[in-house]
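The next block holds one structure in the form of structure tokens; read it before the comments.
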């Protein structure tokens, strides 16, 4: 399968896995200490061919993704659910099955730095998406439905507003599991 965009990954093992079944150009960040030169390379690639960020579904992966998205507006983001990226004690793209990576690439999302939704932090609190024992599970369900990747409360609010996901849309996702 040929991919037009350049895919950004964290390490060499991610590169090796993707190259085993994709015809694609890849930029490696070398982990969370992403250099200014690498950020410039990603920016140039995004301007000329487009970029898909495919980082590990963990906290360092989220930090790398956020740094790239803040530096280069308009990148596509592909997310693999953490539960699908675990082998033994390791979590990452290199531990993910080919089918799950292909599914992530089919469901890319593009973040912009402009929020268009109007959900507030107070709305999330009232619905139990922050500040409650099961908040994480609720966020994960909505993030999975809309392919938003792993989010803490602050990122969840930012992402749902970026995609204009409304309170009613959120309630619809959780209606069978939770009553509010």
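Which of the three applies to the range 115-180, rounded, prolate or oblate, going by the alpha-carbon gyration tensor with a ≥ b ≥ c and a/c under 1.5 meaning rounded?
Numbers: a/c = 1.31, a/b = 1.28, b/c = 1.02.
Verdict is rounded for the range 115-180.
Assuming a ≥ b ≥ c are the square roots of the Cα gyration tensor eigenvalues, decide whether the range 35-137 counts as rounded (a/c under 1.5), prolate (otherwise, with a/b larger than b/c) or oblate.
Taking the square roots of the gyration eigenvalues as a ≥ b ≥ c, the range 35-137 is oblate.
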Worksheet item: To the nearest 10 degrees, how steep is helix 36-48 against the longest Cα principal axis of the chain, on a 0 to 90 scale?
Response: 90 degrees
Worksheet item: Which entry is the computed volume of the Cα convex hull per residue in Å³ for this structure: (1) 121; (2) 112; (3) 488?
Response: (1)
Worksheet item: Where does the chain land at 222 nm, in deg cm²/dmol rounded to the nearest 500, when only DSSP H runs of n ≥ 4 count, each adding -39500 (n - 2.57), divided by all residues?
Response: -13000 deg cm²/dmol
Worksheet, complete the sentence: Between the Cα axis of helix 135-146 and the main Cα principal axis of the chain, the angle (0 to 90°, nearest 10) is 60 degrees
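Tally the DSSP beta bridges in the chain and give the antiparallel ones as a percent, rounded to 5. The partial results should precede the final answer.
Numbers: 4 of 13 bridges.
Antiparallel bridges make up about 30 percent of those DSSP assigns within the chain.
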Discussion item. If you fit an axis through the alpha-carbon atoms of helix 153-162 and take the longest principal axis of the Cα set of the chain, what angle between them do you get, 0 to 90°, nearest 10?
Written reply: 80 degrees
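Values quoted throughout were computed directly from the atomic coordinates according to the rules given, and no laboratory measurement underlies them. Keep in mind that what you see is a predicted model, and the values were worked out from it rather than measured.
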